[in-house]
Amino acid sequence: MKVIVVGTSHAGYEAIETLLKEQPDAVLHLYERGTTASFLSCGIQSYLEGISESLDRLHYATEKSYLEQKVTVHMNSDVIGIDPAGKKITVKTENEETEESYDKLIITPGAVPIELPIPGADCENIFYVRGRDWAGKIKERMKKAKKAVVVGGGYIGIEVAEAFAKAGIETTVVDTLDRVLATYLDTEFTDTLEAHMEQKGLKVRTGEMVKDIQDDKGAVAKVITDKGEYEADTVIMAVGVRPNTKWLQGIVELNEDGTVVIDDYMETSQKDIFAAGDATKVPFAPSNGSKLIALASNARRQGVIAAKNIMEKEVKMPAVSGTSGLSLFDYNFASTGVKDCDSDTIEAEVASTYVEERIRPAFMGDEDSVLMKIHFEKDSHRIVGAQLMSTYDITAAINTLSVCISAEWTLEQLALADFFFQPGYNRPWNFLNVLAQEALGETFGSDKMLF
């Protein structure tokens, strides 16, 4: 059996590694349009900040490592077409176009950066944050940059803006939404973060739409919005991504947003063609529906599921909650499930409770606290979302809340859940217990009075 996997990022990598174990006798071919395999884009910030000294360290597999596993690797090979009836793909290289046959096909088309249709978008020193080549260009530019504008205040934009600020580059973040990280955190958290960004020298300009980019002899000179003008010699575009699926139109069924239609087992509308990664939707546990959530963790799961179902459909993709975490200067934060901005996707009425709580007893001599918010169905008390933030790293606790959502736990269950107590780590009632208790209006014991 010949299996072709298209794409070497998270989903493609995991599909290959799973196939090597599940189908040891299969003939595996891996196609990658780029020059290097399995680049870890989520490690770009570490490279920009000098934590990872080389881009070569941001790979979890290489052409050599694949070859050592008896996987035939085709680098600089862009798959531009598929013939489902004839079970063939069309591959474009620098010199020619060829056709290759398959028995089973797994495609991981990924996503491409959104390019704003504005004047000056083709100026010199405008960069996008996607893949190894762009990462290298941005790092090189940081050596000369004096004033930068980051367009987009989501995860990617914030990561790059922080790296630039730490490098001493005067940086302004511009976003069309009314606050940064608007789809990840509610205002209770972003208000604190925006003030913190300003304290660290990052300028934040939200509620502004970029209209024009002016140049000086072809290079970026100024960013013009509907509310202001900002001098810049460097612009980072981080306004989001879109599924890289135009080439699949008429081949497999696509959703209106361009994502590939897949079933619970990752198979597309065409038999023996499976899809995974940022060009597909995932089952969304809070709403019992589906949602586009472009996270490496989701792509990894999908790659495994697709590979496991290559011969027989046995393993369904589990529902997820879009759980993620990040740091920004002194703060660590994480979220899962729905927030204020999308709580209306839940059929039942959703309520929420915000709490600020000390992490350890006062006698431990520190003042570390955690900012928390939980979303839940008002009548049933089923937990559907949560957010955590602190200058102390409490981000791993969001995983517990993610599991609560998948298990359809209620506030009552979380309020009395079994968590260990040791003064060096937490209080007799863990802060997650307290979060649920506060939402129920029923705190226990004398923690607040004595500790």
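The values are calculated or read from the model by the stated rules, or taken from the named source; none is laboratory data. Predicted model, so just to flag it, every value in this text is computed and none were measured. Don't worry about glycine lacking a Cβ; one is built from the backbone with ideal geometry, like all the others, and counts go over all protein chains shown. When the accessible area is computed, the model is the full protein with side chains, heavy atoms only, and any ligands, DNA or RNA have been set aside. Shrake-Rupley method; radii C 1.70, N 1.55, O 1.52, S 1.80 Å.
Sorted by packing (mean other beta-carbon atoms within 10 Å per residue), highest first, where do 397-408, 242-253 land?
On the way: 397-408: 19.2, 242-253: 16.5.
The packing order, highest mean first, is 397-408, 242-253.
Can you tell me which aspartates and glutamates have their Cα less than 16 Å from the Cα of Lys227? Leave out same-chain residues fewer than eight positions away.
Hits, sequence-local ones excluded: Asp175, Asp178, Glu208, Asp212.
Full extension from Tyr354 to Asp133: what is 0.36 nm times the residue separation minus their Cα-Cα distance, to one decimal in nm? Mind showing how you got there, number by number?
Numbers: separation 221, 0.36 × 221 = 79.56 nm, distance 4.19 nm.
Between Tyr354 and Asp133, full extension yields an extra 75.4 nm.
Where only protein heavy atoms count, and the probe is 1.4 Å, what is the accessible area per residue for the chain in Å²?
Values: 20470 Å² over 451 residues.
Here the residues of the chain average 45 Å² of exposed surface.
With a 1.4 Å probe and every protein chain kept in, tell me what percent of the accessible surface of the stretch 307-387 is carbon plus sulfur.
Values: 1480 of 3510 Å².
Within the stretch 307-387, the accessible surface is 42 percent carbon and sulfur.
Determine the dipole magnitude for the chain: charges of +1 sit on the beta-carbon of Lys and Arg, -1 on that of Asp and Glu, nothing else is charged, the reference point is the Cα centre, and the result goes in debye to the nearest 20. Numbers along the way, then the final one.
Working: 46 positive and 71 negative charges, 179 e Å.
Rounded to the nearest 20 debye, it is 860 debye.
Find which of Ser324, Leu40, Ile262 sits farthest along the positive direction of the dipole of the chain, computed with +1 on the beta-carbon of Lys and Arg, -1 on that of Asp and Glu, about the Cα centre.
Leu40
Okay, which of the stretch 123-141 sit inside 16 Å, backbone N to the point 7 Å along the Cα-Cβ direction of Glu49?
The answer is 139.
Hey, if you put +1 on the Cβ of every Lys and Arg and -1 on every Asp and Glu Cβ in the stretch 346-443, which of Ser369, Val434, Ala417 ends up farthest toward the positive end of that dipole?
Ser369
By how many nm would the segment from Phe420 to Thr72 lengthen if fully extended, with 0.36 nm per residue of separation less the alpha-carbon distance?
Numbers: separation 348, 0.36 × 348 = 125.28 nm, distance 4.93 nm.
Computed gain between Phe420 and Thr72 is 120.3 nm.
Under 13 Å from the Cβ of Ser327, count the other residues' Cβ atoms, weight Lys and Arg +1, Asp and Glu -1, and hand me the total. Intermediate values should be presented prior to the final figure.
Values: positive: Lys166, Lys200; negative: Glu49, Glu159, Glu162, Asp330, Asp393.
Once all neighbours under 13 Å are counted, the net charge is -3.
Of the accessible area of the stretch 17-154, with the probe set at 1.4 angstrom, what percent is carbon plus sulfur? Write out the running numbers ahead of the final one.
Values: 3240 of 7110 Å².
Answer for the stretch 17-154 is 46 percent, counting heavy atoms of protein chains only.
Can you pull the one-decimal nm distance between simple spin-label points at Asp272 and Thr62, each 7 Å off the Cα toward Cβ?
Using points 7 Å along Cα→Cβ, the separation is 3.5 nm.
Near the amide H of Gly289, under 5 Å away, which other amide H atoms are found, from residues 5 or more places off or on another chain, if H is placed in the peptide plane?
Phe284
Quick query: amide H of Leu254 versus all other amide H atoms, modeled in the peptide plane; which residues come in under 5 Å with a sequence gap of 5 or more or a different chain?
Val261
List, in the order given, every pair from Lys137/Lys222; Lys2/Lys281; Lys200/Lys339; Lys87/Lys291; Lys271/Lys378; Lys2/Lys137 whose Cα-Cα distance in the structure shown is over 32 Å. Intermediate results must be reported in sequence, preceding the final value.
Values: Lys137/Lys222 20 Å; Lys2/Lys281 27 Å; Lys200/Lys339 27 Å; Lys87/Lys291 30 Å; Lys271/Lys378 43 Å; Lys2/Lys137 37 Å.
Where the Cα-Cα span goes over 32 Å, the pairs concerned are Lys271/Lys378; Lys2/Lys137.
Using the Karplus curve 6.51 cos²θ - 1.76 cosθ + 1.60 with θ = phi - 60°, work out ³J(HN,Hα) for each residue of the stretch 335-343 in order, rounded to whole Hz, and write x for Gly and Pro.
8, 8, x, 7, 10, 4, 5, 10, 5
If each residue of separation counts as 0.36 nm, what is the full-extension length gain between Thr443 and Ala407 once their alpha-carbon separation is subtracted? It would help to have the intermediate numbers written out before the result.
Numbers: separation 36, 0.36 × 36 = 12.96 nm, distance 2.34 nm.
Contour length minus the Cα-Cα distance gives 10.6 nm.
Are there trypsin sites (Lys or Arg not before Pro) in the stretch 275-329 that DSSP puts in a loop and that have at most 15 other Cβ atoms within 10 Å, and which ones? Please list the in-between numbers first.
On the way: sites: Lys281, Lys291, Arg300, Arg301, Lys308, Lys313, Lys316; in loops: Lys281, Lys313, Lys316.
Here the trypsin sites (Lys or Arg not before Pro) that fit, given the DSSP loop and packing criteria, are Lys313, Lys316.
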